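Shown next, in structure tokens, is the structure this report addresses.
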Amino acid sequence: MRLAEVPEPAPQEHEAVLEVRYAALNPADRYLAEGQYPARPPLPHILGRDGLGTVVQVGPGVDGLKVGDRRVILRSDVGVNRAGTFAQRVSVPEASLIEAPATWSEQEAAGATLVYLTAYQALTMWGPLPESAVVLVTGASGGVGVAAVQLGAALGCKVVGLSRSADKGARLRRLGATVTLNPEQPDWRAQLKGLLGSKRVDLAVDNIGGKLLPEVIDTLGELGRVSLVGRLAGPVPSFNTATLFFRRIRLGGVAVGANTVAESQANWRHVLELLARHDARPQVDRAFPFEQLPQAFERLAHGPMGKVLLAVGA
């Protein structure tokens with residue numbers, strides 16, 4: 001990465017230019033930069049999928065926005081196949097710009113949409129959860145992990161969060177986790193079995209992958225499901241696929257980018273209803289100055305509690 005001047009973005013039809021105040025980092029940004037993501041944008045590319053800013057210019061056909069409006073970016077192609085939010089200005093389709101909840105700070109709103117939409121899909125993609133379902137969340141202190149804990153609790157689930165940090169575990173319990181366990185302890189599965197008694201995990205939201213995934217699969221009950229979100233721990237080692245057969249376990253990938261704009265808007269409305277129901281709000285780990293983007297990525301790699309932000313024009 002390098003800091004450089006680029007031409008001012010020009011809004012196309014039904015687009016608006018935002019002057020960015022805060023942008024948020026996501027593991028997918030790093031995957032894209034390292035060639036581990038299916039998108040192949042033209043280079044040089046500006047990363048950044050999330051952000052909040054002020055409208056400074058509107059393109060032809062825009063009728064729901066005006067200069068001076070403050071808006072948040074809903075899931076879109078920004079930062080994927082087109083220039084993203086790690087810049088002072090970015091052009092965004094009008095349909096992908098939404099108002100921030102009035103009670104949230106700018107930092108809270110700037111990094112919320114992608115992680116909550118991802119967590120919501122992970123929790124709902126298999127259909128309605130059983131009453132008092134047990135949901136296991138790996139990497140529970142990360143952006144999607146925190147969102148999954150909060151939304152899972154709001155949906156009435158018993159949420160088990162996995163985190164290597166005792167301090168983060170305590171914070172996750174305050175955010176809605178019923179219990180937290182350290183996945184680096186060899187007996188964490190035995191601890192979980194003791195806590196659940198005759199019950200088993202109904203759904204796992206896996207942000208980690210690697211050697212932890214077979215252990216997560218082992219905790220599932222009959223008809224258990226795994227929503228695969230991330231691969232922070234790298235490739236999954238070989239494991240016996242018979243572990244899937246007899247309990248009819250299913251694994252599926254989460255792909256928020258496959259949603260239409262209308263689907264994303266509808267899901268976001270439901271997310272806000274769930275958060276309001278439990279008086280929950282986004283968690284911000286730290287906001288880095290614009291020129292410290294490399295350090296912000298380092299923070300993301302070392303396990304934040306919530307979202308890592310970039311203060312672009314704040």
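For the stretch 34-47, the tally of residues that are modelled with pLDDT under 95, of a type outside the set (D, E, K, R) and under 17 Å from residue 257 (Cβ atoms) stands at 5. Take the conditions (1) free of Cβ contacts under 8 Å to residues at least 24 places away in the same chain; (2) of a type in the set (Lys, Arg); (3) surrounded by 22 or more Cβ atoms within 10 Å (Cβ to Cβ); residue 66 misses just one of them, which is (3).
Against the conditions (1) out of contact with any helix residue (DSSP H, G or I) (no Cβ under 8 Å at 6 or more places or on another chain); (2) open to solvent by 70 Å² or more (accessible area, probe 1.4 Å); (3) outside any helix (DSSP H, G or I), residue 295 satisfies every one except (3).
A count restricted to the stretch 1-28 and to residues that are under 25 Å from residue 304 (Cα atoms), touching a residue at least 60 places away in the same chain (Cβ under 8 Å) and not hydrophobic (A, V, I, L, M, F, W, C) stands at 4.
More than 22 Å from the chain's Cα centre (by Cα), of a type outside the set (S, T, N, Q) and crowded, with 20+ Cβ neighbours inside 10 Å: does that describe residue 55? In short, yes.
Given the structure, is residue 139 open to solvent by 10 Å² or more (accessible area, probe 1.4 Å) and either under 12 Å from residue 280 (Cβ atoms) or part of a loop (DSSP other than H, G, I, E, B) (or both)? Please lay out each step first, then the result.
Details: open to solvent by 10 Å² or more (accessible area, probe 1.4 Å): yes; either under 12 Å from residue 280 (Cβ atoms) or part of a loop (DSSP other than H, G, I, E, B) (or both): yes.
Yes; evaluated as a whole, the condition is true for this residue.
Restricting the stretch 12-26 to residues that are more than 24 Å from residue 105 (Cα to Cα) and touching a helix residue (DSSP H, G or I) at 6+ places or on another chain (Cβ under 9 Å), the residue that is least open to solvent (accessible area, probe 1.4 Å) is 15.
With the structure loaded, tell me whether residue 106 is among the acidic types (Asp, Glu) and free of Cβ contacts under 8 Å to residues at least 60 places away in the same chain or whether it fails that test. Criteria not met by residue 106. Among the residues making up the stretch 272-292, those that are over 17 Å from residue 105 (Cα atoms) and touching a helix residue (DSSP H, G or I) at 6+ places or on another chain (Cβ under 6 Å) are 274, 277, 278. Among residues belonging to the stretch 219-263 that are hydrophobic (A, V, I, L, M, F, W, C), under 30 Å from residue 97 (Cβ atoms) and part of a helix (DSSP H, G or I), point out the one that is least open to solvent (accessible area, probe 1.4 Å). That would be 256.
Total residues in the stretch 27-45 satisfying the condition of being open to solvent by less than 20 Å² (accessible area, probe 1.4 Å) and on the phi > 0 side of the Ramachandran plot: the figure is 0. There is at least one residue in the stretch 285-296 that is within 29 Å of residue 87 (Cβ to Cβ) and within 14 Å of the chain's Cα centre (by Cα).
Kindly evaluate residue 306 against the criterion of being open to solvent by less than 50 Å² (accessible area, probe 1.4 Å) and within 16 Å of the chain's Cα centre (by Cα).
Numbers: open to solvent by less than 50 Å² (accessible area, probe 1.4 Å): yes; within 16 Å of the chain's Cα centre (by Cα): yes.
Taking the combined requirement at face value, the residue satisfies it.
Selection of the stretch 69-102 for residues being open to solvent by 40 Å² or more (accessible area, probe 1.4 Å), polar (S, T, N, Q) and within 19 Å of residue 309 (Cα to Cα) yields only 88.
Here is a yes/no grid of residues against (1) on the phi > 0 side of the Ramachandran plot; (2) modelled with pLDDT under 95; (3) polar (S, T, N, Q):
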position: 256; (1), (2), (3): no, yes, no
position: 260; (1), (2), (3): no, yes, yes
position: 274; (1), (2), (3): no, no, no
position: 277; (1), (2), (3): no, yes, no
position: 295; (1), (2), (3): no, no, yes
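State yes or no: is residue 48 open to solvent by less than 10 Å² (accessible area, probe 1.4 Å), part of a loop (DSSP other than H, G, I, E, B) and in contact with a Phe, Trp or Tyr (Cβ under 6 Å, 6 or more places away or on another chain)?
Numbers: open to solvent by less than 10 Å² (accessible area, probe 1.4 Å): yes; part of a loop (DSSP other than H, G, I, E, B): yes; in contact with a Phe, Trp or Tyr (Cβ under 6 Å, 6 or more places away or on another chain): yes.
It is true that residue 48 is open to solvent by less than 10 Å² (accessible area, probe 1.4 Å), part of a loop (DSSP other than H, G, I, E, B) and in contact with a Phe, Trp or Tyr (Cβ under 6 Å, 6 or more places away or on another chain).
The values are calculated or read from the model by the stated rules, or taken from the named source; none is laboratory data. Owing to the predicted nature of the structure, the values given are computational and were not obtained by experimental measurement. Cβ coordinates were reconstructed from backbone atoms using ideal geometry, including for glycine residues, and neighbour counts include every protein chain displayed. With ligands, DNA and RNA removed, areas are computed over all heavy atoms of the protein, side chains included. Shrake-Rupley method; radii C 1.70, N 1.55, O 1.52, S 1.80 Å.
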